[in-house]
Amino acid sequence: MKTIDIIRRAGRSLRHAKARTILTSLAIAVGAFTLTIALAAGQGAREYANTLLTSNIDPQILAIAKDKSFFEGGKTGPQEYIPGSSTIARPNGALVKRLSQADIDAIAKRSDIVSITPTYAINAQYITRSGQKKYTVDATTYNSGITQTVIAGSLPALRTSISDTQIALPEVYVSLLGFKTAQDAIGQTVTIHLERTPNITEAQIQQALATNNPQVLTALATKQTKDADYKVIAIVGKSATALSATTSVEISNNSAKELSDFSTIGTDNYHEYTIATASVKPGVDPAMVKQALVNQGYGVQTAKDLQGLLFTIVNTLQGIVIGFGILALITSVFGIINTQYISVLERTREIGLMKALGMRGRHVSRLFQFEAAWIGFLGGVIGSTIAVVAGLSLNPWITSTLSLGDGNVLLIFQPIPIILLIIVLMLVAMLAGYFPARKAAKLDPIEALRTE
Amino acid sequence: MIEVKGVTKTYGKKQNAFLALDDINFVIPDGASVAIVGKSGSGKSTLMHAMSGLDRPEKGQVVIDGIDILKLKSKAVDRFRSEKIGFIFQSFFVQANESSFDNVSLPLEISNISVKARKKRVLEALQVVGIDDKEKQKARNLSGGQKQRLAIARAIVNRPKIIFADEPTGNLDSTTGATIEKLLFGLNKQSGSTLVIVTHDEDLAAKCDMRIYIKDGKIDKIVSEVE
Ligand SMILES: Nc1ncnc2c1ncn2[C@@H]1O[C@H](COP(=O)(O)OP(=O)(O)O)[C@@H](O)[C@H]1O
Ligand SMILES: [Mg+2]
């Protein structure tokens, strides 16, 4: 018997048992729905992550730490003490080594590195401007490797920093600092105020005591302050495709260094940095530079590594959803086995007749397997169609709810994975139909056609 | 020519062993109409199953056109049945959910006949049995007589050498039964195929060229009007 004729007969017998066929395939449809959504969400999330990274991060950028344990969460437990090496405790108790100024200088000297910027610790007390209240502030280094959404004013092109007298403010400070509009703030001067408790040496104390003048002693113990003035160059807004919605004010590398040095001079933190960002010379493969630095003992991550990390997260989440889909499929497999066994029982006579007429057991078996495959096909088509229709109509809502930004969608349906999914479902259904089909194939026609 | 030589069939084992066919021997010439006659439980159906390659008795030979079908491999037996044998059953055994056309088409599909040839031969067969107007109707919607006509169309569509009919009129009223009998004997005469009817009905048996009487699995007597 020709396969096409078997398939036609399989299709017809399913049509004759419509209710049962549809109910059985609905079980598969649940799995198909979940898997289609999982595939679409995974694809969407990966593309979104890619958009985020490519539109935000300069591919030439490297994140550098003292050793590779930094990117692994740091080492916990006691470690060998190395003189001169400085560590800092992470909230989880792990210790991470810090980069020294010597490390920074050494890396900066490399010919394949354009610039290196440590993350400076700046303990600013407040930000203000004349005639306005004071507000707490977090100052960071302007990152020339990341694009930002500019609301007013303008920022320099990628890989070019702002000047030492300039500052970029997040949108919240516009009204806090008494500007009517974001545009009004551009070109205006703001002040960042720093304080530090003095680090007094024994010699200084003795000297002060020697003067026998209490004012000298008071002066020595008085907090030291610094007011740094900057001109607002841009107001930065929240961006849908920004990696972090920044609430920090941004100042140039030199300014940040100056402020950081002021707050840390005389402390353990002076010229010690947990992490630094370096820019690799255009045309040089960041992976090569990474390897060179890793060989020197540094911990280094490239923009690609970050992408890999994000993809790992996306893939893990996708894997979980796929797991649920597979669970639904396993349930539906039992549904198919059950349905097909009942079908074989109900059609004992028919099977006996077909075998009496000379149909091979193999072909009888195939008839039932194709019926199962049809059920798989139907379930796959129903499930994935509902998923696509629901997904496409929900996409705008998801995009606005998650603030993904215009043009970005979470669910991206691609025809080839869906077609492959349906084929896989048909194979799974055929597998489920194997045992009932074998029972049908082994049926003895004489027994099946016995009437008494 | 069908030669049945020493066919013996036992059901069950040891103490439960039951001799359903006991050393059956006879020869049926080509084109004959033959009745296998006997009471219920005498072994008629068992004999028919052995002669048609549905069953394998443990002893004996069934030689059809020089080939012992009991020695064939299962694939060859299936092929033999699909090409050489037509079956008609007491309970019709038509596929209720399939159309008349698809019922009759089944043996041709099993024999890998092309779609075009199939269409022609199915319509011819339906015409021969007189239900060509029911081509597209589901078999379930046919009357008993029409169902048996459909079964006959299915039995003859592949132009078999031998048609086996197990109590073909057993489930029909006498008028309908008579028309079915007429149809069967007409086909037997026209096509030259051999017709083997299993029956306990003496009147039907009397219309056959040859009568093989079975009693408790043994041949009681053979009455033949052909040489
Ligand atoms: N599968 C079987 N197992 C045991 N005994 C059987 C089986 N099939 C038939 N028989 C017995 O064999 C005898 C002949 O059966 P059968 O050929 O069907 O008789 P008939 O067709 O003449 O009514 C009966 O006594 C029946 O009970
Ligand atoms: Mg019988």
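The values are calculated or read from the model by the stated rules, or taken from the named source; none is laboratory data. Computed from a predicted structure; not experimentally measured. We place every Cβ from the backbone using ideal geometry, glycine too, and count neighbours over all the protein chains shown. Only protein heavy atoms, including side chains, enter the accessible area calculation; ligands, DNA and RNA are left aside. Shrake-Rupley method; radii C 1.70, N 1.55, O 1.52, S 1.80 Å.
Assorted remarks:
- Tail fraction, Cα-Cα pairs, the protein assembly as shown, threshold 31 Å, whole percent: 70 percent
- Solvent-accessible area, 1.4 Å probe, carbon plus sulfur percent, for region B:113-176: 47 percent
- Antiparallel content of DSSP bridges confined to region B:2-224, in %, to 5: 55 percent
- Other protein chain C-beta atoms within 10 Å of residue C-beta, averaged over B:84-95: 4.
- Taking each of A:Lys109/A:Lys231; B:Lys5/B:Lys161; B:Lys71/B:Lys119; B:Lys13/B:Lys207; B:Lys161/B:Lys221; B:Lys5/B:Lys84 in turn, the alpha-carbon distance tops 28 angstrom for A:Lys109/A:Lys231; B:Lys71/B:Lys119; B:Lys13/B:Lys207.
- Taking chain B and dividing mean pair separation by its residue count, relative contact order in percent (alpha carbons under 8 Å, at least six apart): 29 percent
- Nitroxide proxy distance, nm - points 7 Å out along Cα→Cβ at A:Tyr135 and A:Leu220: 4.1 nm
- In terms of its C-alpha gyration tensor, region A:383-423 has a prolate overall shape, because the principal axis ratio a/c (a ≥ b ≥ c, square roots of the eigenvalues) is not below 1.5 and a/b outweighs b/c.
- Distance distribution P(r), region B:129-220, all Cα-Cα pairs, bin width 5 angstrom from 0: 3, 11, 24, 23, 19, 12, 5, 2, 1, 0 percent.
- DSSP beta bridges in the protein assembly as shown [antiparallel fraction, %, rounded to 5]: 70 percent
- Each residue, B:Asn141 and A:Ala108, gets one label point 7 Å from its Cα in the Cβ direction; the gap between the two is 9.3 nm.
- Shielding score for B:69-79, defined as the mean number of other chain Cβ atoms within 10 Å: 2
- Taking a span of 27 Å or more along the helix axis (Cα atoms) and a mean Kyte-Doolittle hydropathy of at least -0.5 as the rule, the DSSP H helices of chain A that qualify are A:18-56, A:303-346, A:361-401.
- Whether region A:62-302 is rounded, prolate or oblate, judged on the alpha carbon gyration tensor where a/c under 1.5 counts as rounded: oblate
- Lysines whose Cα lies under 25 Å from that of A:Lys223, excluding same-chain neighbours fewer than 8 positions away: A:Lys133, A:Lys134, A:Lys257
- Over region A:11-63, the Kirkwood radius and the radius of gyration, each from Cα atoms, give a ratio Rg/Rh of 1.46.
- Heavy-atom surface of region B:2-224, accessible at 1.4 Å and reported per residue (Å²): 44 Å²
- When all alpha carbon pairs of region B:2-224 are counted in 5 Å bins from zero, the resulting P(r) reads 1, 7, 15, 18, 19, 16, 12, 7, 3, 1, 0, 0 %.
- Peptide A:349-356 has a mean shielding of 6, counted as Cβ atoms of other protein chains within 10 Å of each residue's Cβ.
- Reachable aspartates and glutamates from B:Lys9, criterion Cα separation under 15 angstrom, eight or more residues apart if same chain: B:Asp22, B:Asp23, B:Asp55, B:Glu58, B:Asp216
- The residues of region A:398-452 expose on average 57 square angstrom of accessible surface per residue, using a 1.4 Å probe on protein heavy atoms.
- A protection proxy built from the mean count of other Cβ atoms within 10 Å ranks the segments B:57-68, A:425-436, most packed first, as A:425-436, B:57-68.
- Cα gyration tensor, region B:77-132 - rounded (a/c under 1.5), prolate or oblate: oblate
- B:His49 contributes an accessible area of around 30 Å² to the protein surface, as traced by a 1.4 Å probe with all chains present.
- Within straight-line cross-link reach of B:Lys120, lysines at Cα separation under 16 Å, skipping those fewer than 8 residues along the same chain: B:Lys134, B:Lys136
- Antiparallel bridge percentage (DSSP; both residues within region A:138-254; nearest 5): 65 percent
- Selection of trypsin sites (Lys or Arg not before Pro), region B:1-57, meeting DSSP coil and at most 12 other Cβ within 10 Å: B:Lys13, B:Lys39
- Total buried accessible area between B and A, probe 1.4 Å, nearest 100: 2300 Å².
- Each peptide in B:22-29, B:144-151 was scored by the mean count of other Cβ atoms within 10 Å over its residues; highest first, the order is B:144-151, B:22-29.
- Sequence of A:Lys231, A:Lys2 when ordered by accessible area, the most exposed leading, probe 1.4 angstrom: A:Lys231, A:Lys2
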